Structures are given as structure tokens and as C-alpha cells.
Amino acid sequence: AQSVTQLGSHVSVSEGALVLLRCNYSSSVPPYLFWYVQYPNQGLQLLLKYTSAATLVKGINGFEAEFKKSETSFHLTKPSAHMSDAAEYFCAVSDEGDQAGTALIFGKGTTLSVSS
Amino acid sequence: NAGVTQTPKFRVLKTGQSMTLLCAQDMNHEYMYWYRQDPGMGLRLIHYSVGEGTTAKGEVPDGYNVSRLKKQNFLLGLESAAPSQTSVYFCASSKGDSGANVLTFGAGSRLTVL
């Protein structure tokens, strides 16, 4: 069964610094991969998704992620952190062959803190 | 567009009580899902539905029941609440059976079982 592992439950950066949130996936077939963001007391909203069209995916709010099959990774980056980026970030995988259809399997999440 | 609406937003129950969480979507989506979110655990799938009148079990279905009598609504029931069911519950919906479909989430329902 497919799964995702997010390395680091908490990442702290200074405003203006590079943001790097790590995600590795396990899937027997080419996966669809997603990053979602959750702001305090809110639901999840999509940042970006990988569907095999391009390995470098650009999302909202200046985030991007690169799909690397050789490393089974889909790390999320942003060149310059902003205070408003402080939130919890989830990596997720969806496999069309899975019995659960399009249900996403989520990682455990990474909390991003941004200090001034 | 309201998107996905969950009611209630907050609820406190005593052990053994029952309750129903309601999820409503106005996007004409076929698929609907219930997840629970617990600290350090991410989101785990409880039950899902691939269309009106259908339901199926997810990763953590025990202690929950669901119904999808109308396409736009997906109900999650707890027949006899337990403290282990204290959690934040999220409903989501998506268009269809492609893995590339994006899930749209509700704002969550925070349940505390004493």
C-alpha cells in the first residue's frame, strides 16, 4: 500500500529564509502527489499537486515542489519565508489503483514556524 | 459558493452518548470522505462514498457509521461515543474517480468526549 513520510514534525525558519519541507512517498505505481496547508482552526487547502505533467510543480503563495522518482521524494520549497507561511503542511498521495479510489493518504504533517 | 459545510463546529459529549455530524457540499461532487485529525497522526480516513447510496470503510472505521442518502450530504454517526473519539473531524469531497482530483475540505468539527 502507498504511504508518505514527512521528515521533521516541526521546522523553524527566519523570515526571508529558505523553506524546505521534506516528503518521501512509497508507491508501486506512479503516484499523484499533493501538498496541502492548514492554517490554525481551518480546514486544509491545496498548495499544489503533481500529476506527471511536469516534475517541477508551482503552487500558490510562491511554493513549489519537485518530483524525484529516483529518490521517491516530493519536497516542498519556498525561496523566502513570510510570517504568513506559519501553518501545518501535509504531504499526501493518491493512487488510482487503490481500492479507496481518490481518497488521499496523508503524512503526519510538518508545523512550520517563522520568526522575525 | 459555500463549498463544503460541516455542522456542528464544536460538540462536547459524554461517554456513551450518540451524535451525528453533517457534511453538505454544493459542488455536485460524486465522492465524499470523512477524516479524523489527531495530533502527530495526520489525517486518517474513516469512511468514504463514491456516490449517492454507497459507502465504504476507510482506515479507521470502527465506532462510526455513515450514510449518503442524498448526493450533497454525507453523515457521520457515533452510536456510543468513547473518549478515544475525541478528535477534529474533516469532511471532504471530490469530482470523481481520478486520482488527480483535488479534495475540497470543510472547516472541521471539533468533538470532545468526556
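Scan the range B:55-85 for residues that are out of contact with any Asp or Glu (no Cβ under 7 Å at 6 or more places or on another chain), assigned to a loop (DSSP other than H, G, I, E, B) and not β-branched (Val, Ile, Thr) and report the count. Steps first, answer last, please.
Kept after step one, since they are out of contact with any Asp or Glu (no Cβ under 7 Å at 6 or more places or on another chain), are these residues of the range B:55-85: B:55-64, B:66-67, B:69, B:73-85.
Adding the requirement that they be assigned to a loop (DSSP other than H, G, I, E, B) leaves B:55, B:58-64, B:69, B:79-82.
Checking the rest, the ones that are also not β-branched (Val, Ile, Thr) come to B:58-59, B:61-64, B:69, B:79-82.
Count: 11.
So residue B:74 fits all but one of (1) within 25 Å of residue B:28 (Cα to Cα); (2) more than 9 Å from every other protein chain (Cβ to nearest Cβ); (3) surrounded by fewer than 16 Cβ atoms within 10 Å (Cβ to Cβ); (4) in contact (Cβ under 8 Å) with a residue 40 or more places away in the chain; what number is the exception?
Failing condition for residue B:74: (3).
Would you be able to tell me the number of residues in the range A:38-67 that are under 18 Å from residue A:7 (Cα atoms) and open to solvent by 80 Å² or more (accessible area, probe 1.4 Å)?
Counting residues in the range A:38-67 that are under 18 Å from residue A:7 (Cα atoms) and open to solvent by 80 Å² or more (accessible area, probe 1.4 Å) gives 1.
Within the range B:38-55, can you find the residues that are closer than 17 Å to residue B:111 by Cβ and surrounded by fewer than 21 Cβ atoms within 10 Å (Cβ to Cβ)?
Correct list: B:38, B:39, B:41, B:44.
Report, by residue number, each residue of the range B:56-71 that is touching a His at 6+ places or on another chain (Cβ under 7 Å) and open to solvent by 70 Å² or more (accessible area, probe 1.4 Å).
Going through the range B:56-71, the residues touching a His at 6+ places or on another chain (Cβ under 7 Å) turn out to be B:56-58, B:61, B:64, B:66.
Selection gives B:57 alone.
Looking only at residues in the range B:3-29 that are assigned to a strand (DSSP E or B), touching a residue at least 60 places away in the same chain (Cβ under 8 Å) and of a type in the set (Ser, Thr, Tyr), which one is surrounded by the fewest Cβ atoms within 10 Å (Cβ to Cβ)? Let's see the steps before the verdict.
At the first step, the residues of the range B:3-29 found to be assigned to a strand (DSSP E or B) are B:4-7, B:10-13, B:19-25.
This time we only want the ones that are touching a residue at least 60 places away in the same chain (Cβ under 8 Å), so: B:4-7, B:10-13, B:19, B:21, B:23, B:25.
Then keep just the ones that are of a type in the set (Ser, Thr, Tyr); that gives B:5, B:7.
Numbers: B:5: 15, B:7: 12.
The extreme case among them is B:7.
For the range A:4-27, which residues satisfy the criterion of being more than 13 Å from the chain's Cα centre (by Cα) and open to solvent by 40 Å² or more (accessible area, probe 1.4 Å)?
A:10, A:12, A:14, A:15, A:16, A:18, A:26
If I filter the range B:86-107 down to residues being in contact with a Lys or Arg (Cβ under 8 Å, 6 or more places away or on another chain) and either in a strand (DSSP E or B) or under 12 Å from residue B:34 (Cβ atoms) (or both), which single residue comes out as nearest to the other protein chains (Cβ to nearest Cβ)? Step through it out loud before you land on a result.
Quick first cut of the range B:86-107, residues in contact with a Lys or Arg (Cβ under 8 Å, 6 or more places away or on another chain) only: B:87-90, B:100-102, B:107.
Still in the running and either in a strand (DSSP E or B) or under 12 Å from residue B:34 (Cβ atoms) (or both): B:87-90.
On the way: B:87: 14, B:88: 9, B:89: 11, B:90: 6 Å.
The qualifying residue nearest to the other protein chains (Cβ to nearest Cβ) is B:90.
Tell me which residues, restricted to the range A:48-67, are closer than 30 Å to residue B:10 by Cβ and within 11 Å of chain B (Cβ to nearest Cβ).
To start, the set of residues in the range A:48-67 that are closer than 30 Å to residue B:10 by Cβ comprises A:60-61.
Matches in the range A:48-67: none.
Among the candidates B:69, B:103, single out the residue that is over 23 Å from residue A:45 (Cα atoms) and modelled with pLDDT of 90 or more. Let's see the steps before the verdict.
Working: B:103 fails: over 23 Å from residue A:45 (Cα atoms).
Just one listed residue meets the conditions, B:69.
Please give the number of the condition residue A:42 fails out of (1) within 9 Å of chain B (Cβ to nearest Cβ); (2) more than 22 Å from residue B:107 (Cβ to Cβ).
So the condition that residue A:42 fails would be (2).
The values are calculated or read from the model by the stated rules, or taken from the named source; none is laboratory data. Please read all numbers here as calculations on a predicted model, not as lab measurements. So basically every Cβ, Gly included, is an ideal-geometry build from the backbone, and we count neighbours across all protein chains shown. SASA here: full protein model, heavy atoms, side chains in, ligands and nucleic acids out. Shrake-Rupley method; radii C 1.70, N 1.55, O 1.52, S 1.80 Å.
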